[in-house]
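Chemist: Please read through the structure below; I'll follow up with questions.
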Amino acid sequence: MFSNCPGTARFRTPTLTIKKCPRCGEDVEIFSSDVKVQCSKCGLSIFNDINSCIEWCAYAKECVGPELYEKIKKQKNG
């Protein structure tokens, strides 16, 4: 795994953000490595605005590791 890529820092060491559910106003915890989470109160899918080098970089899988790479790609596509 490369150690100098600043674009993947938020995936290797995820940070927590609290967003408000637009439907019910409930606080929803979403990590920087999550593409989406569901509101625990009303079930609405809350999306994280992830636009990263994982989408286009040829070395992304080696950089973040195969498990995290597959998790992010799966969440993004489905």
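What follows is calculated from the coordinates using simple rules that are stated; it is not laboratory data. Remember, it's a predicted structure, so these values are computed and weren't measured experimentally. Don't worry about glycine lacking a Cβ; one is built from the backbone with ideal geometry, like all the others, and counts go over all protein chains shown.
Chemist: Would you please give the FRET efficiency between ALA9 and GLN38, computed as 1/(1 + (r/R0)^6) with r the Cβ-Cβ distance and R0 = 30 Å, to the nearest 0.05? Before the final figure, lay out the partial values.
Modeler: Numbers: r = 26 Å, r/R0 = 0.87.
Efficiency computed from Cβ-Cβ geometry: 0.70.
Chemist: Still on this model: Would you mind getting me the FRET efficiency between GLU67 and LYS20? Use the beta-carbon distance for r and R0 = 35 Å, nearest 0.05. Walk me through the numbers on the way to the answer.
Modeler: On the way: r = 31 Å, r/R0 = 0.88.
Step by step, r from the Cβ atoms, then E = 0.70.
Chemist: Once both axes come from the Cα atoms, what is the angle between helix 66-77 and the longest principal axis of the chain, in degrees from 0 to 90, rounded to 10?
Modeler: Tilt relative to the chain: about 50 degrees.
Chemist: Right, next: In the stretch 9-78, what chymotrypsin sites (Phe, Trp or Tyr not before Pro) fall in a loop by DSSP, with at most 16 other Cβ atoms inside 10 Å? Display every interim value, and only then the final one.
Modeler: Values: sites: PHE11, PHE31, PHE47, TRP56, TYR59, TYR69; in loops: TRP56, TYR59.
Here the chymotrypsin sites (Phe, Trp or Tyr not before Pro) that fit, given the DSSP loop and packing criteria, are TRP56, TYR59.
Chemist: Which one of ILE54, ILE18, ILE46 has the biggest mean-square fluctuation once the chain is modelled by GNM with Cα springs under 10 Å?
Modeler: Top of the fluctuation ranking is ILE18.
Chemist: Tell me the Kirkwood hydrodynamic radius of the chain in angstroms, computed as one over the mean inverse distance between distinct C-alpha pairs.
Modeler: Details: mean 1/r = 0.0749 Å⁻¹.
Result for the chain, one decimal place: 13.4 Å.
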